[in-house]
Amino acid sequence: MRERYAPDRPMWVAGSTHEGEDERVIAAHDRIRERLPGALLVLAPRHPQRFDAVAARLAERNIPYVRHSRAADHQRAGDARVVLLDTLGELLDF
């Protein structure tokens, strides 16, 4: 998936996050981006019922993101700061 989304950008994964952890992860990502402006976060909520809520939170904060489930097979992350991994069984691919 690295080659798919961001072959030339530093990428890190916050996997299986629970409610309340996303804000801390996003804050950490903001700090990482101070040193590595091109850094890309792959954010994978633990429970599928949280996918939409996390997407809404990213949108509320005006954080550019890509929903993995809606991305075309050839799509890159572009200007996105976050890939929202809103599918099951693919975390290890990142």
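The values are calculated or read from the model by the stated rules, or taken from the named source; none is laboratory data. All figures in this text were calculated on a predicted structure; none of them were measured in a lab. A quick note on method: Cβ atoms are made from the backbone with ideal geometry, for glycine too, and the neighbour counts reach across all protein chains shown.
Points worth noting:
- Tally of residues being assigned to a loop (DSSP other than H, G, I, E, B), closer than 17 Å to Ala39 by Cα and touching a helix residue (DSSP H, G or I) at 6+ places or on another chain (Cβ under 9 Å) across segment 49-74: 2
- Note on segment 29-48: residues that are charged (D, E, K, R) and part of a loop (DSSP other than H, G, I, E, B) total 1.
- Residue within segment 18-28 that is within 13 Å of the chain's Cα centre (by Cα), not hydroxyl-bearing (Ser, Thr, Tyr) and not in a helix (DSSP H, G or I) present: no
- The number of residues in segment 39-48 being within 22 Å of Pro7 (Cβ to Cβ) and in contact with a helix residue (DSSP H, G or I) (Cβ under 7 Å, 6 or more places away or on another chain) comes to 5.
- Odd one out for Leu41 among (1) surrounded by 13 or more Cβ atoms within 10 Å (Cβ to Cβ); (2) at pLDDT below 95: (2)
- Against the test of being closer than 16 Å to Tyr65 by Cβ and exposed (fewer than 13 other Cβ atoms within 10 Å of the Cβ), the options Ala27, Ala6 yield a single qualifying residue, Ala27.
- Evaluation of Tyr65 against the conditions (1) surrounded by 12 or more Cβ atoms within 10 Å (Cβ to Cβ); (2) in contact (Cβ under 8 Å) with a residue 24 or more places away in the chain; (3) not basic (Lys, Arg) shows that the sole unmet condition is (2).
- Residues that are part of a loop (DSSP other than H, G, I, E, B) and β-branched (Val, Ile, Thr), drawn from segment 75-88: Thr87
- When segment 68-86 is limited to residues that are surrounded by 13 or more Cβ atoms within 10 Å (Cβ to Cβ) and of a type in the set (Lys, Arg), the one that is nearest to Asp30 (Cα to Cα) turns out to be Arg81.
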